[in-house]
Amino acid sequence: MTEKGAKTAEKAAETAVQRCIEPACAGTFGLRERIYVCPRCGGSIELDGPLTARGDAPHWGHLGKRRRASPGARDRSGVWRFREMLPFADQTPFVTLREGNTPLYDAPRSAHYCGLAALRLKHQGMNPTGSFKDTGMSAAVTQAVVLGARTVVCASTGNTAASLAAYAARAGLTAAILLPRGQISAAKLAQSMDYGALVCEIDGNFDDGMRLIQELGEDPAIYVANSINPFRIEGQKTVAFEIMEQCGWEVPDHVVVPGGNMGNSTALGKGFQELLDLGLISRLPKLSVVQAEGSAPVARLFATLDSSRPPGDNSLPATMAPVSSPRTLATAIKIGAPVSWKKALRAVLRSGGKVIAVSEQEIADAKAMIGRDGIGCEPASATTVAGMKKLVASGHIAREESAIGVLTGHVLKDPDYISHYHRGTLSLDAGANDGAAQPIAGTFRNAPERVAATRAAILEILERRR
Ligand code: F0G
């Protein structure tokens, strides 16, 4: 950046505010106030500031290329290379692990499976700790450093924890993470242990952990890094900028993401909205969110809205009924009371997208299909492809429309699930309230074969597979 550009960025970071999203309140608070909900009305908070980004899409295209080729850590990070769009002063000591800059893959088999002519998958699981959380964590842990916090905390279904543990380690901060005991994948738990976090396994689910975190956040020495933290969203919104770069600034018709705590959908919606406000894109992609049937409070709410309102009415309901005992094998999104539901729903409604739910079988089969494209992902991520198949069937996405699915976690995040699916032994345990265990069919199963250690036996089995 030129000296003049740096000064403008500095000024804008100073004039940005944290703002309550409730129109009747719209309270504003300084960037250094450690708040996660509006201190006046309890509403959700988001960053609002004059964006210093200037120039048109070709200018951003050139800038993107130049920065990605530069050796500097700030230019190489997929978050900090968009610094003109972030509420941080230019000299901020940023915390980075080279997050972002993830691939956008063509997925022809998955496209065919969904009934689409083409499908692209933005793989956020290719981040340093294997999930999309890293872009947001880079910004949230940087803000923790700016505020002089020594301890950062989160509740997590595993990925936020792994990411926070890694970024806190980079910054020399203590991380304490609350995980629902026995309900997260061993791989994610192992990451948090390795990165040196204090791992607290609680007797409760994610929503219990989230409530505890909000209480802990009242302590001035503790900084909360869940997506209720508006700085997390700032880092995570950069995925929208990357998607536009990778699409050559041609707006895709649809972007589809999984929904758990609803931070990711909030962030994508904010990113696209900012590009629209800056005139860098001329319309919003339709943003749709997909939840797992057993943990789908926002999809349920959306279904009631969808059927009861006149078109164009985008007002937001005041409350959302939580799911008290969420169930899904996609443990990353086993969440019954998502904290960012309102911000996410606002983004979906503004864009003309939908919030839907898919079954355990649909998630498992979509996941196997993504694997057949040579891409792979963790179960929660596969809700996007399962959701797209449904959205095509219902006519919301047309066959020839351009669609991007966001994959949120790496294939190795949950190897037990994969192994059970391909051996035909995957099953959703009996729920607290409604009895029966639910077996999942290995529709596209690919179990290992036990073969004699001879050339002939191997050639014979190869012949059978052809
Ligand atoms: N996909 C994966 C792999 C996730 O880990 C999560 C959330 C989501 C999708 C949903 O994203 O919450 O922003 O709507 N994982 C959180 C965690 C809750 O603690 O790791 P969201």
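Evaluated at q = 0.11, 0.14, 0.17 Å⁻¹, a Debye calculation over the C-alpha positions of the stretch 374-466 (equal weights, vacuum) places log10 I(q)/I(0) at -0.54, -0.79, -0.98.
Distances between placed amide hydrogens fall under 5 Å for E201 paired with L179, all partners being 5 or more residues away or on another chain. Annotation for H62 and C200: the two label points, set 7 Å from Cα along the Cα-Cβ direction, are 5.2 nm apart.
With the convex hull drawn over the C-alpha atoms of the stretch 164-204, the volume per residue is 51 Å³.
Straight-line reach from K367: taking Cα to Cα under 18 Å and skipping same-chain neighbours fewer than 8 places apart, the aspartates and glutamates in range are D106, E293, E378, D414, D416.
When peptides 392-404, 128-140, 356-368 are sorted by average Cβ neighbour count within 10 Å, with the highest value leading, the order is 128-140, 356-368, 392-404. Could you tally the net charge around R34, taking each other residue with its Cβ under 15 Å from the Cβ of R34, Lys/Arg +1 and Asp/Glu -1? Combined, the nearby Lys, Arg, Asp and Glu give -1. For D90, the residues 5 or more places off, or on other chains, whose built amide H falls under 5 Å of its own are E10. Binning every alpha carbon pair distance of the stretch 97-219 at 5 Å from zero, what are the percents per bin? Whole-percent P(r) values from 0 Å outward: 2, 11, 19, 19, 17, 12, 8, 6, 4, 2, 0.
Per DSSP helix of 4 or more residues, -39500 (n - 2.57); summed, then divided by the residues of the chain. What does that give at 222 nm, rounded to the nearest 500?
On the way: 17 runs with 183 residues, N = 466.
After summing the helix terms and dividing by residue count, I get -12000 deg cm²/dmol.
For the chain, the longest principal axis of the C-alpha atoms and the axis of helix 297-308 are separated by about 80°.
Per the Debye formula on identical point scatterers at the alpha carbon atoms of the chain, with no solvent, log10 I(q)/I(0) at q = 0.05, 0.11, 0.13 Å⁻¹ is -0.17, -0.85, -1.20. Residue-wise HN-Hα couplings along the stretch 205-218, as the Karplus relation 6.51 cos²θ - 1.76 cosθ + 1.60 with θ = phi - 60° gives them from phi, are 9, 4, 5, 5, x, 5, 5, 4, 4, 5, 5, 4, x, 6 Hz; Gly and Pro carry x.
Summarised in one figure, the compactness ratio Rg/Rh of the stretch 137-291, Cα atoms and Kirkwood Rh, is 1.02. What translational D, rounded to a whole number of µm²/s, comes out for the stretch 211-366 from Stokes-Einstein when the hydrodynamic radius is the Kirkwood one over Cα pairs, at 37 °C and 0.692 mPa s? Using the Kirkwood radius from Cα pairs, D works out to 200 µm²/s.
Once the Cα atoms are used to define both axes, helix 3-15 deviates from the longest principal axis of the chain by about 90 degrees. All C-alpha to C-alpha distances of the stretch 285-354, sorted into 5 Å bins beginning at zero, yield P(r) values of 3, 17, 28, 25, 15, 8, 2, 0 percent in whole numbers.
In whole percent, what relative contact order does the chain give with Cα contacts below 8 Å and a gap of six or more residues?
15
Across the stretch 71-78, coupling constants 3J(HN,Hα) worked out from phi with the 6.51/-1.76/1.60 Karplus curve, θ = phi - 60°, read x, x, 4, 5, 6, 7, 6, x Hz, and Gly and Pro carry x. Can you check what the net charge comes to around E22, using other residues whose Cβ is under 14 Å from the Cβ of E22 (Lys, Arg +1; Asp, Glu -1)? The answer is +3.
Hey, could you grab the Kirkwood Rh for the stretch 159-241? Inverse mean 1/r over distinct alpha carbon pairs, Å, one decimal. Before the final figure, lay out each step's value.
Numbers: mean 1/r = 0.0742 Å⁻¹.
For the stretch 159-241, inverting the mean 1/r across all distinct Cα pairs yields 13.5 Å.
Taking only C-alpha pairs under 8 Å that are 6+ residues apart, what is the relative contact order of the stretch 314-406 in percent? List each step's numbers first, then the result.
Values: 74 pairs, mean separation 20.1, N = 93.
Averaging sequence separation for qualifying contacts and normalising by length gives 22 percent for the stretch 314-406.
Start at zero, step by 5 Å, and the Cα-Cα distances of the stretch 61-146 spread as 3, 14, 19, 20, 17, 10, 8, 5, 3, 1 percent across the bins. Name the residues of the stretch 110-125 whose amide N is less than 12 Å from a point 7 angstrom out from the Cα of E400 along the C-beta direction? 117, by backbone N distance to the label point. Computed from label points 7 Å out along Cα-Cβ, the spacing between R455 and A186 is 3.8 nm.
What does the convex hull of the alpha-carbon atoms of the stretch 209-284 project to on average, in nm²? Kindly include the intermediate steps, with their values, before the conclusion.
Details: hull surface 24.0 nm².
About 6.0 nm², averaged over all directions.
Which entries in K188/K389; K133/K354; K188/K342; K286/K413 show an alpha-carbon gap greater than 26 Å? Checking Cα-Cα distances, K188/K389; K188/K342; K286/K413 exceed 26 Å. If you take every DSSP beta bridge whose two residues both sit in the stretch 106-264, what share of them, in percent to the nearest 5, is antiparallel? Around 5 percent antiparallel, to the nearest 5. Karplus-based coupling profile of the stretch 137-150, in residue order and whole Hz: 5, 4, 6, 5, 6, 4, 5, 4, 5, 4, 7, x, 5, 9, with θ = phi - 60° in 6.51 cos²θ - 1.76 cosθ + 1.60 and x standing for Gly or Pro.
Placing pseudo-labels 7 Å out from each Cα toward the beta carbon at T151 and R300 gives an inter-label distance of 3.5 nm.
The numbers here are math on the coordinates, done by the rules we state, and not lab data. It should be emphasised that the depicted structure is a prediction, and the values quoted were computed from it without experimental measurement. Here the Cβ is made from the backbone with ideal geometry for all residues, glycine too, and neighbour counts use every protein chain on show.
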